[in-house]
Amino acid sequence: MSMSASSIRRASWRVTLEQGRLVWIDRDGDGQRRVLSSEPGASLQRRILAGLVRLLPIEEQL
């Protein structure tokens, strides 16, 4: 299944670090910049799980 260039643009986000936090940026149909502070399309359950995983001492295991 191939996606058109416009479909890819609608489904893609630019992730940047602003003031020490990740933000997701895209442009709406009118070209207006839209900034989200949580992952687009992530359910509440997925965000809670990601928060719990963040608490694990993984870096100590590296």
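The single condition among (1) part of a loop (DSSP other than H, G, I, E, B); (2) at pLDDT below 85; (3) open to solvent by less than 90 Å² (accessible area, probe 1.4 Å) that S2 does not satisfy is (3).
Assessment of segment 28-40 against the conditions (open to solvent by 70 Å² or more (accessible area, probe 1.4 Å) and at pLDDT below 85) yields at least one matching residue.
The values are calculated or read from the model by the stated rules, or taken from the named source; none is laboratory data. Being a predicted model, the structure only gives us computed values, none of them experimental. These accessible areas exclude ligands, DNA and RNA; they are computed on the full protein's heavy atoms, side chains included. Shrake-Rupley method; radii C 1.70, N 1.55, O 1.52, S 1.80 Å.
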